[in-house]
């Protein structure tokens, strides 16, 4: 990415353990400091899921059991806003949305690094309330528009209080700067590749469409040693340790979520006379479906045997087969809300996007494509809608190691499955 986020540079590296231990960040604390990251999260994250559809009365604050609201300014990136508490700049609209509003005002006489603050906005995080290691992390949002606007949906490692930034790692699911209305960015930051050295890519809408004109879903599918970014189901980049040139991959551990709308700063530049206020980041929902290997349940079928990843391999292309049920992680599947079936942090995938009878199935990085979508019916079928075919045991053979495939649905015993 040509101009990556500079937010938190140097600041997080200087955070003390005592600062991290505070349950919330108040006006007297350092701006953009990360609040408490509970040590128990590393144990709990594996089976956790998160969903917020922001239902509630208009004007009410976000659910405090899921989010905490940060306060303060940010000298390190020279942003212009002051993040306020409560529902002053972050509130539900009564129609199932969270609205983060940036205003050109300062009713509280807040003081910023440059003097009296000119703008207010909001920043929320889930530290100490929710974290996850691996899975699908997504938000459906409509972003603001205008010079100086900087909305972001991103994550930080829960160990930031112990190791500092950038050793904690940072995953930017989506960032936009107002002077690029048709483009968003996804980036990773870690030790030796932070700040302007962050590794990422941009995605642009076709035909000059602006992201501010409609809701879009921004997501990462995250597995051990792999992160894949998508917009509205279209994958635009995948990163692995091979992209780091020997530097440390900082993303095989729990992270927490952050939503914010910044105003101004080194990257977006400051608002000017063309920028209309107020501006809003409207969030329809935020969902995390974990795909960690320790979550999930068996899928049993022919002869009481289980859907199994051969050799317990999480490599792309690992065959999916029938095998004696043994309780291993290679047989623990999660039926995700996005229509995928996940094990070992990856998705059940029809090989080479096949739709013909006999197309085999395998494990592959989750990418949101139609060959990774499945419907589990009440009749016990597992159907790939794109092919309109059922998950099938090849040749009706119940021997260990029999490869699974898709086949025209017939109701036969080798196409019947019990999930969980």
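Go through (1) at pLDDT 95 or above; (2) closer than 21 Å to residue 397 by Cα; (3) outside any loop (DSSP other than H, G, I, E, B) for residue 325 and report which single condition fails.
So residue 325 meets the others, but not (3).
Looking at (1) buried (at least 23 other Cβ atoms within 10 Å of the Cβ); (2) without any contact (Cβ under 8 Å) to a residue 60 or more places away in the chain, which is the one condition that is false for residue 320?
It is condition (2) that residue 320 fails.
Considering the stretch 363-414 alone, what residues qualify as being part of a helix (DSSP H, G or I) and either surrounded by fewer than 19 Cβ atoms within 10 Å (Cβ to Cβ) or out of contact with any helix residue (DSSP H, G or I) (no Cβ under 9 Å at 6 or more places or on another chain) (or both)?
Narrowing the stretch 363-414 to residues part of a helix (DSSP H, G or I): 370-372, 394-396, 413-414.
Once the filter is applied, which keeps residues that are part of a helix (DSSP H, G or I) and either surrounded by fewer than 19 Cβ atoms within 10 Å (Cβ to Cβ) or out of contact with any helix residue (DSSP H, G or I) (no Cβ under 9 Å at 6 or more places or on another chain) (or both), the stretch 363-414 yields 370, 372, 394, 395, 396, 413.
Considering every residue within the stretch 100-113, establish whether at least one is buried (at least 23 other Cβ atoms within 10 Å of the Cβ) and under 30 Å from residue 238 (Cα atoms).
Of the residues in the stretch 100-113, the ones buried (at least 23 other Cβ atoms within 10 Å of the Cβ) are 100, 102.
From what is left, the residues that are under 30 Å from residue 238 (Cα atoms) are 100.
Checking the stretch 100-113: at least one residue is buried (at least 23 other Cβ atoms within 10 Å of the Cβ) and under 30 Å from residue 238 (Cα atoms).
Could you check the stretch 37-73 and list, in sequence order, the residues that are at negative phi, over 18 Å from the mean Cα position of the chain (by Cα), modelled with pLDDT of 95 or more and part of a loop (DSSP other than H, G, I, E, B)?
55, 57, 58, 60, 61, 62, 63, 64, 65, 71, 73
State all residues of the stretch 345-361 that are more than 17 Å from the chain's Cα centre (by Cα) and buried (at least 22 other Cβ atoms within 10 Å of the Cβ); if no residue qualifies, say none. Show your work before the answer.
First, the residues of the stretch 345-361 that are more than 17 Å from the chain's Cα centre (by Cα): 348-361.
Result: 348, 349, 350, 361.
Evaluate the stretch 245-252: report whether one residue or more is in contact with a helix residue (DSSP H, G or I) (Cβ under 8 Å, 6 or more places away or on another chain) and either at pLDDT 95 or above or buried (at least 21 other Cβ atoms within 10 Å of the Cβ) (or both). Don't jump to the end; show me each part of the working.
Restricting attention to the stretch 245-252, the residues satisfying the condition of being in contact with a helix residue (DSSP H, G or I) (Cβ under 8 Å, 6 or more places away or on another chain) are 249.
Next cut, either at pLDDT 95 or above or buried (at least 21 other Cβ atoms within 10 Å of the Cβ) (or both) only: 249.
Within the stretch 245-252 (the criterion being in contact with a helix residue (DSSP H, G or I) (Cβ under 8 Å, 6 or more places away or on another chain) and either at pLDDT 95 or above or buried (at least 21 other Cβ atoms within 10 Å of the Cβ) (or both)), the answer is yes, since at least one residue qualifies.
Of all residues in the stretch 172-215, count the ones that are under 12 Å from residue 142 (Cα atoms) and surrounded by fewer than 19 Cβ atoms within 10 Å (Cβ to Cβ).
Count: 4.
From the list 102, 91, which residue is assigned to a strand (DSSP E or B), in contact (Cβ under 8 Å) with a residue 40 or more places away in the chain, in contact with a strand residue (DSSP E or B) (Cβ under 8 Å, 6 or more places away or on another chain) and on the phi < 0 side of the Ramachandran plot? Please lay out each step first, then the result.
Numbers: 91 fails: in contact (Cβ under 8 Å) with a residue 40 or more places away in the chain.
Going through 102, 91 in turn, just one is assigned to a strand (DSSP E or B), in contact (Cβ under 8 Å) with a residue 40 or more places away in the chain, in contact with a strand residue (DSSP E or B) (Cβ under 8 Å, 6 or more places away or on another chain) and on the phi < 0 side of the Ramachandran plot: 102.
Among the residues that make up the stretch 283-300, is at least one of them farther than 30 Å from residue 156 by Cα, modelled with pLDDT of 95 or more, out of contact with any strand residue (DSSP E or B) (no Cβ under 9 Å at 6 or more places or on another chain) and surrounded by fewer than 20 Cβ atoms within 10 Å (Cβ to Cβ)? If you could, list the steps in order and put the result at the bottom.
So in the stretch 283-300, the residues farther than 30 Å from residue 156 by Cα come out as 298-300.
Applying the additional criterion that residues be modelled with pLDDT of 95 or more yields 298-300.
Narrowing further to those that are out of contact with any strand residue (DSSP E or B) (no Cβ under 9 Å at 6 or more places or on another chain): none.
Checked the stretch 283-300: no residue is farther than 30 Å from residue 156 by Cα, modelled with pLDDT of 95 or more, out of contact with any strand residue (DSSP E or B) (no Cβ under 9 Å at 6 or more places or on another chain) and surrounded by fewer than 20 Cβ atoms within 10 Å (Cβ to Cβ).
Here is a list of conditions, (1) within 25 Å of residue 60 (Cβ to Cβ); (2) buried (at least 21 other Cβ atoms within 10 Å of the Cβ), and residue 95 meets all of them except one; can you say which number that is?
(2)
The values are calculated or read from the model by the stated rules, or taken from the named source; none is laboratory data. The model shown is predicted, which means the values in this text are computed figures rather than measured ones. No Cβ is skipped: glycine too gets one built from the backbone with ideal geometry, and neighbour counts run over all protein chains shown.
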